[in-house]
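The values are calculated or read from the model by the stated rules, or taken from the named source; none is laboratory data. Computed from a predicted structure; not experimentally measured. Backbone-built Cβ (ideal geometry, glycine too); neighbour counts: all protein chains shown. We work out accessible area using only protein heavy atoms, side chains counted, and drop any ligands, DNA or RNA first. Shrake-Rupley method; radii C 1.70, N 1.55, O 1.52, S 1.80 Å.
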Amino acid sequence: MKTLIIVSHPEIDESGSQQYLKEALPDTAEVTYHHLESTYPAGKIDIKQEQELLQNHDRIILQFPLYWYSSPPMLKHWLDEVLTENFAYGFGGNKLKGKELGLVLVIGMPEKEYQVGGREGFSLSALTTPYQAMAKKTQMHFLKPFLIFQFHYMEEIEKMRMLIAYQQYLMVEDFDTLRAKETWFLQQLDTINEETLPAGSSFVLEQVKELIEDNRMELDEIQMYLDQAGGSW
């Protein structure tokens, strides 16, 4: 699976959250990072190039700070220019059919405010309705958005947890399932160069792998019993 991250931020070098996410990107050809304001500083978009980029990837991620319940103007301009009739929809269109569309939103307010009764008064699900509608029109599969609330108030351990979830959101199929997360963790552990770790780390890594695999066996047994009983997991 190839993932395209389309980032829109007018002052990205000054954004701690965007720089953190960029530095955390996995070193793989399967993930393409594409910052619109840097690529098109004058605002003149190469429509053909952008459409080819979209067609060459399977998961499309729109990443941006939430500006007045919407995106920065450059992303809106990009959507207007690139998702044209006869390409994204209409006669001879549907070139994006079957691809995945995800959102990575950096939000300044606390999560509790985005609900009925909160200060914002609307859920993020309601506020992202235009993107859900866009996915429907272009016959893309809309993913559950990845939401980052108040990045600058996060503790370091919170940032690290968010970072792991972010990498899974970019790279893992069925990223929201426990089995997919377990498989991803095991793959990451296998890529670690143990020679760079302190003495004794190999034993710890093996213990972690065994723990994950043992837990999976237990969950599979529970699933089997539930299936036999007519339940679901």
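List of remarks:
- Only one of the numbered conditions (1) surrounded by fewer than 20 Cβ atoms within 10 Å (Cβ to Cβ); (2) part of a strand (DSSP E or B) is violated by I60, and that is (1).
- Residues within the stretch 28-60 that are on the phi < 0 side of the Ramachandran plot and more than 16 Å from the chain's Cα centre (by Cα), tallied: 20
- Complete set of residues in the stretch 16-51 that are in a helix (DSSP H, G or I) and hydroxyl-bearing (S, T, Y): S17, Y20, S38, T39
- Across the stretch 149-170, the number of residues qualifying as part of a helix (DSSP H, G or I) and either of a type in the set (A, V, I, L, M) or under 16 Å from Q19 (Cα atoms) (or both) comes to 14.
- Taking every residue in the stretch 125-141 that is over 15 Å from I61 (Cβ atoms) and pairing it with any residue that is of a type in the set (S, T, Y) and surrounded by 20 or more Cβ atoms within 10 Å (Cβ to Cβ), at least 6 positions away or on another chain, the pairs with Cβ-Cβ distances below 8 Å are L127/Y114.
- Among the residues of the stretch 16-31, the ones that are surrounded by 15 or more Cβ atoms within 10 Å (Cβ to Cβ) and without any contact (Cβ under 8 Å) to a residue 60 or more places away in the chain come to 1 in all.
- Residues that are assigned to a loop (DSSP other than H, G, I, E, B) and modelled with pLDDT of 95 or more were ranked within the stretch 96-112; the one that is most open to solvent (accessible area, probe 1.4 Å) is K97.
- Any chance I12 is within 14 Å of the chain's Cα centre (by Cα) and in contact (Cβ under 8 Å) with a residue 12 or more places away in the chain: no
- Answer residue from the stretch 165-185, given it is open to solvent by less than 60 Å² (accessible area, probe 1.4 Å) and under 14 Å from P26 (Cα atoms) and is modelled with the lowest pLDDT among those: W184
- Candidates are the residues of the stretch 1-15 that are open to solvent by less than 10 Å² (accessible area, probe 1.4 Å) and hydroxyl-bearing (S, T, Y); the one that is farthest from A42 (Cα to Cα) is T3.
- Residues in the stretch 113-148 that are part of a loop (DSSP other than H, G, I, E, B), over 15 Å from the mean Cα position of the chain (by Cα) and exposed (fewer than 14 other Cβ atoms within 10 Å of the Cβ): V116, G117, R119, G121, S123.
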